[in-house]
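In what follows, a structure is listed as structure tokens, so that the remarks can point back to it.
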Amino acid sequence: MRELDVVEILDLLESMGASAWVDGGWGVDALLGEATREHSDLDLVVLLDQVPLVWATLGQAGFTNVLRDWLPTALAVADDACREIDLHPITPTADGGGHQLLAAGAQFYYPAPVMGRIGGREVRCVDAATQMLCHVGYEPTAKDRQDVVRLHERTGVALPEEYRGL
């Protein structure tokens, strides 16, 4: 997934009236203001009630291959070029953030988005502290370690315990 792809997808969703915040690896790069590595997918936080609109819009753009349908928790789709988009639906909260429904009725809270940059374009993205929270609770990969360390070094957000000394 290239910078140009990300910007085109965000522009397409925006033109259809859908709200999307960049999460995951591209979200980290958005906070850093530059692409720091290759990305195989694009993670987006979307409003739960807009999932049908987002899914239909992405389908019209060629993202017709459903990889994982775990709605209302998540939906992953891909196009024939193997570009993948992972949707993280949330129910909005009064503060501009939202809750993602997880397994067994648990919820994950996303604060209101902040602004970052991808391909020279301002984008809404998940804040640095929440990005750190999303990188704990599993065995990190090399790209996870790279993302977390860069985010810590550039923003000063605390390095999670799991990443200290790696």
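Values quoted throughout were computed directly from the atomic coordinates according to the rules given, and no laboratory measurement underlies them. Because the structure is a prediction, the values reported are computed rather than measured. Virtual Cβ from ideal backbone geometry, glycine too; neighbours counted across all protein chains shown.
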ask   = How about segment 1-57: which GluC sites (Glu not before Pro) there are in a DSSP loop, with at most 16 other Cβ atoms within 10 Å of their Cβ?
value = Glu34, Glu38
task = Just flag the trypsin sites (Lys or Arg not before Pro) in segment 66-166 sitting in loop per DSSP whose Cβ has no more than 12 other Cβ atoms within 10 Å.
result = Arg164
key: For the chain, the fraction of alpha-carbon pairs in successive 10 Å shells from zero, as %   = 10, 40, 38, 11, 0
ask   = Could you give the dipole magnitude of segment 1-127 about its Cα centre, charging the beta-carbon of Lys and Arg +1 and that of Asp and Glu -1, in debye to the nearest 20?
value = 160
query = If Lys and Arg each add +1 and Asp and Glu each add -1, what is the summed charge of the other residues whose beta carbon sits under 9 Å from the beta carbon of Asp147?
reply = +2
query = Build a GNM of the chain with springs between Cα atoms under 10 Å: which of Gly98, Gly156, Gly27 gets the top mean-square fluctuation?
reply = Gly156
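Show me the helices of the chain, taken as full DSSP H stretches, that run 15 Å or more along their long axis by Cα and average -1.0 or above in Kyte-Doolittle hydropathy.
Helix filter hits for the chain: 3-15.
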remark   = Of Thr73, Thr141, Thr130, the most mobile residue in a GNM of the chain (C-alpha springs, cutoff 10 Å) is Thr141
ask   = Local charge sum around Gly120 (other residues, Cβ-Cβ under 11 Å, Lys/Arg +1, Asp/Glu -1)?
value = -1
ask   = When DSSP beta bridges are limited to those with both residues in the chain, what percentage is antiparallel, rounded to the nearest 5?
value = 75
task = Please name whichever of Gly137, Pro89, Gln50 sits farthest to the positive end of the charge dipole of segment 3-155, dipole taken about the Cα centre and charges placed at Cβ: Lys and Arg +1, Asp and Glu -1.
result = Gly137
task = Compute the separation of the alpha-carbon centres of segment 135-164 and segment 47-101 and state it in Å as a whole number.
result = 25
key: Neighbourhood charge, 11 Å Cβ-Cβ cut-off, centred on Ala76 and excluding it, Lys, Arg +1 and Asp, Glu -1   = -4
inquiry  = Give me, ordered by chain and number, the residues 5 or more places off Ser19 or on other chains with an amide H under 5 Å from its own placed amide H.
reply    = Leu47
